[in-house]
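To keep things clear, I will list the structure first and then write my remarks on it.
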Amino acid sequence: MVKLTAADGHELDAYVAEPKGNAKGGVVVVQEIFGVTDHVKRVADQYAAEGFQAIAPAMFDRIKPRITLAYSDIQQGIAYMRQLEWPNTLVDVEAAAEHVRDAGGTAVVGFCWGGTVAHVAASELDFDAAVSYYGGGVTKLLDREPQCAIIYHIGDQDHSIPMADIDRSRSPIRRPRYTSTKARSTASIATSAAPTARRTRRSRSAGRSTSSVKKSHEAASQRVLLRLKNALVTTVCRLSRGGVGVAMR
């Protein structure tokens, strides 16, 4: 575990999994409502095995350190989750992203509550790609529009996320491509967005004003984004348990 410091001074732990050799990019893995469990650590390890530097921040450190719950302790997890506020959650995700950003393009991946966090982080922070696994709160936050490529994995037999909600979420998301299979009991929605439209992304070309430098920067950014998206989507779809592969443009 490493110690991170968020922009507001809050300190939180994070599990980091390092790849062998040069990293392809960075991946922030956002927990479910049970804390940074062994499963979350294994997910980070899987990304590291695929060549990414992965980090799983302890989001519940805002409440108290080292909260880890059994998967049967759902109500306690919900109670902890409800104590968190979006501004604090986002600066904690950003602190984790900063830790792995030197690895290259950066993605955020979240599960359950973390899947909703991934959707919001893709809308508000500087990410190149995002993956949301069964984020039940996404349909309540459709006013937050992702500003990077994103893929949603939602089980079509998961009664906690009705298919009506999935269908309702499709039209407001730009350029969706949707596929599902009953054999694998999963549905995926993939969308893409221009990386230059981020609301709070930092200026990576501060102090540069010539059109030639800007064009060169934009071309380089597009190449980095494309490499990350291709590698990330390939990895995510292969590691998804019963997932459906959906390419992002």
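The values are calculated or read from the model by the stated rules, or taken from the named source; none is laboratory data. Because the structure is predicted, anything quoted here is derived from the model rather than measured. As a convention, Cβ positions derive from the backbone with ideal geometry for all residues, glycine included, and neighbour counts pool all protein chains shown.
Numerical summary
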| item | result |
| --- | --- |
| First in the stretch 138-162 and touching a residue at least 24 places away in the same chain (Cβ under 8 Å), second anywhere and surrounded by fewer than 18 Cβ atoms within 10 Å (Cβ to Cβ) and polar (S, T, N, Q), Cβ under 7 Å, 6 or more apart | H153/S240; G155/S185; D156/S180; D156/S185; Q157/S185 |
| Any hit, the stretch 117-131, residues being assigned to a helix (DSSP H, G or I), modelled with pLDDT of 95 or more and among the acidic types (D, E) | yes |
| Conditions (1) without any contact (Cβ under 8 Å) to a residue 60 or more places away in the chain; (2) more than 19 Å from V120 (Cβ to Cβ); (3) of a type in the set (F, W, Y): number failed by F52 | (1) |
| Members of the stretch 63-91 found to be more than 13 Å from G114 (Cα to Cα), under 19 Å from the mean Cα position of the chain (by Cα) and of a type outside the set (S, T, N, Q), listed by number | E85, P87, V91 |
